[in-house]
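Q: A single structure is presented below for examination.
The values are calculated or read from the model by the stated rules, or taken from the named source; none is laboratory data. Keep in mind it's a predicted model, so treat the numbers as computed, not measured. Ideal geometry is used to build each Cβ from the backbone, glycine not excepted, and the neighbour counts take in all protein chains shown.
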Amino acid sequence: MLRHQGRRLTAAVVTAALLAGFGAVGMAAAAEVQPEEQEDPPTAVVEKNVHGFTVDGSFRYLYGQGHFEGESLARTAGGKYAMTPFKEMMIMQTLRTRLYANYHFDKNWKFITGVEDNRVLNDQSLTDTAHIFRFFAEGTYPHAKYRAGRFGYKVEDGNTLDTTVDGVRVGFGPEEKRASVFWGRLGSSFNRREGVIVDAYREWEKWYATASYFNFRNHAHDAGSWDKQEVFSESLNYKFTPDISTGIEFLQANGSDRNEDVGHDHGFVWALRYKNYDYHKPGTYRIQLRYYREPAAAVITHTMNAWPGYFRHMGFEGAGASFEYVLFKGGLLTVEGYDLCNYRDQQYLSDFRQKVLGATLTLGF
């Protein structure tokens, strides 16, 4: 469903944007040690140390609605060009199925495979049929943790990166003081990029801090988006109580998009968190509030269920909120909302804004 006023953004562009935003993350499991990405779905059974094959998976239904508006250069009825306002509205409904088949060699080593099918219920042309989205080995020897293949990777709160990657990651250190190094690639087709990630985590008393470095290049396709991105991220967080914490993440980034230099920019994300949920404990929940002011080059693949790429090279700022509630064992309901706008104007583009409201229901088995 689209409603147009003034100059149109094409339905395909807005639809693809919402699919990338609403459909990219959904329900995410709590981070594990080393740290682990929030990629794995909730399951109805608590994982124990096992030997042999295990099979599990999840279904996720998503409903999202996005409103987009702004001003861009357009040709008027008189043949002249002028800054013209536009408005778009899009509804997205998806059904995602994930099935995992894993083999545990022992308590230290395992092999994970996963198939995903993503159906766009209100536009079948955008459906992403069954494909392998996890295929990796993971183990510990002697004191380092190794992961190689295709796996999910979320760094810190996912404000810079939360996506599927192909490569090798090596982690060191105990839970309270750890670091990891990754080399590999992400994306597909013209947007496939290669690079490295270095991230670290440290906690002491009621404080914890993170630091990360990202450097990705698209050497194969000059026409691909973001042929260069380099990002530094540092965060400092404080736990007032076991249930309440706050933190701020500082971002510095520079890059080149389709060989257009976007220059150096900086920003931050502030977060307030209350409670946490456990997929296996009905009635548990989590509430999160965030304020974003992010440079365009700092976003590789954002964890938010909105569309940062809509703001082009202008960067974005605004608020986001989420409420996650465990309805029953293995069943998670999430409601999220975002109100974002650009914080810089670009030549022939200005006053961009998006408002997104979405809900997902995930059932693990």
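Q: Considering ARG178, ARG169, which residue is in contact with a Lys or Arg (Cβ under 7 Å, 6 or more places away or on another chain) and either surrounded by 17 or more Cβ atoms within 10 Å (Cβ to Cβ) or within 26 Å of GLU116 (Cβ to Cβ) (or both)?
A: ARG169
Q: Report, by residue number, each residue of segment 165-201 that is at pLDDT below 95, closer than 29 Å to TRP270 by Cα and of a type in the set (Ser, Thr, Tyr).
A: Passing the criteria: none in range.
Q: Of the residues GLU205, GLU234, only one is free of Cβ contacts under 8 Å to residues at least 60 places away in the same chain, charged (D, E, K, R) and at positive phi; which?
A: GLU205
Q: Turning to a different aspect of this structure: Output the residues belonging to segment 91-128 that are surrounded by fewer than 18 Cβ atoms within 10 Å (Cβ to Cβ), assigned to a strand (DSSP E or B) and among the β-branched types (Val, Ile, Thr).
A: Passing the criteria: ILE91, THR97, THR113, VAL115.
Q: Run down HIS266, HIS280 and say which single residue is in contact (Cβ under 8 Å) with a residue 12 or more places away in the chain and in contact with a strand residue (DSSP E or B) (Cβ under 6 Å, 6 or more places away or on another chain).
A: Every option except HIS266 fails the conditions.
Q: Now for a different question. Given the criteria assigned to a strand (DSSP E or B), in contact with a Gly (Cβ under 6 Å, 6 or more places away or on another chain), at positive phi and of a type in the set (Asp, Glu), does ASP351 qualify?
A: Criteria met by ASP351.
Q: Okay, moving on. Read through the list (1) among the aliphatic types (A, V, I, L, M); (2) within 30 Å of ARG98 (Cα to Cα); (3) within 20 Å of the chain's Cα centre (by Cα), then give the number of the only condition that ALA179 fails.
A: So ALA179 meets the others, but not (3).
Q: Is one or more of the residues making up segment 188-195 surrounded by fewer than 16 Cβ atoms within 10 Å (Cβ to Cβ), out of contact with any Lys or Arg (no Cβ under 6 Å at 6 or more places or on another chain) and closer than 19 Å to GLU156 by Cβ?
A: No.
Q: Given the conditions (1) surrounded by 16 or more Cβ atoms within 10 Å (Cβ to Cβ); (2) out of contact with any Ser or Thr (no Cβ under 7 Å at 6 or more places or on another chain), which single one is not true for GLY364?
A: (2)
Q: Another one. Hey, does segment 129-145 have a residue that's part of a strand (DSSP E or B), more than 24 Å from TYR213 (Cα to Cα) and in contact with a helix residue (DSSP H, G or I) (Cβ under 7 Å, 6 or more places away or on another chain)?
A: no
Q: Something else: Scan segment 212-223 for residues that are crowded, with 18+ Cβ neighbours inside 10 Å and free of Cβ contacts under 8 Å to residues at least 40 places away in the same chain and jot them down.
A: Within segment 212-223, ASN218 is the sole residue that qualifies.
Q: Answer yes if at least one residue in segment 293-301 is closer than 18 Å to SER322 by Cα and either hydroxyl-bearing (Ser, Thr, Tyr) or surrounded by 23 or more Cβ atoms within 10 Å (Cβ to Cβ) (or both), and no otherwise.
A: Taking every residue of segment 293-301 in turn, none turns out to be closer than 18 Å to SER322 by Cα and either hydroxyl-bearing (Ser, Thr, Tyr) or surrounded by 23 or more Cβ atoms within 10 Å (Cβ to Cβ) (or both).
Q: Among the residues of segment 156-186, write down those that are small (Gly, Ala, Ser) and either in contact (Cβ under 8 Å) with a residue 40 or more places away in the chain or not in a loop (DSSP other than H, G, I, E, B) (or both).
A: GLY158, GLY167, GLY171, ALA179, SER180, GLY184
Q: What number of residues within segment 269-284 satisfy the criterion of being buried (at least 18 other Cβ atoms within 10 Å of the Cβ) and within 19 Å of the chain's Cα centre (by Cα)?
A: 3
Q: Looking at (1) part of a loop (DSSP other than H, G, I, E, B); (2) within 30 Å of ASN342 (Cβ to Cβ), find the lone condition where GLY152 falls short.
A: All conditions pass for GLY152, except number (1).
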